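Down below is the structure, laid out as structure tokens.
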Amino acid sequence: MGNQEYAPQTTGIEALIEQLKTLTPEQIKAIGEARIKVRDEEWSEAHEAALWAAWGENEGFGAWYGARDAILALISRDSLTPDQFNTLYGPWASVMDKQ
């Protein structure tokens, strides 16, 4: 995937990104079903801990969600209307595409 660095987790993150490109409908459904089985409280605690570790302050939450939405938009671009794509990708583009 190039020279992107995600600290010591680079290999795992790059592997996950590559896997996203080849998910089958069955795998997508199975991942969703597995995620539903995790108790909301456990998921919320783990999610919050991961966000704080990644960003360390409240401002980071908005950036994390913006990045997540941009990734979702790019992954599913062929299935979205232009307006849907722009809704998800627009906030990221409004900042990052200016640089």
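Restricting to the range 23-45, name every residue that is exposed (fewer than 10 other Cβ atoms within 10 Å of the Cβ) and at pLDDT 85 or above.
T24, P25, E26
Give me a count of the residues in the range 68-83 that are open to solvent by less than 90 Å² (accessible area, probe 1.4 Å) and either farther than 17 Å from M96 by Cβ or touching a strand residue (DSSP E or B) at 6+ places or on another chain (Cβ under 7 Å) (or both).
Going through the range 68-83 one residue at a time, the tally reaches 3.
The values are calculated or read from the model by the stated rules, or taken from the named source; none is laboratory data. Predicted, not measured: the structure shown is a model, and the values here were computed from it. Here the Cβ is made from the backbone with ideal geometry for all residues, glycine too, and neighbour counts use every protein chain on show. Just the protein is used for accessible areas: all its heavy atoms, side chains included, with ligands, DNA and RNA removed. Shrake-Rupley method; radii C 1.70, N 1.55, O 1.52, S 1.80 Å.
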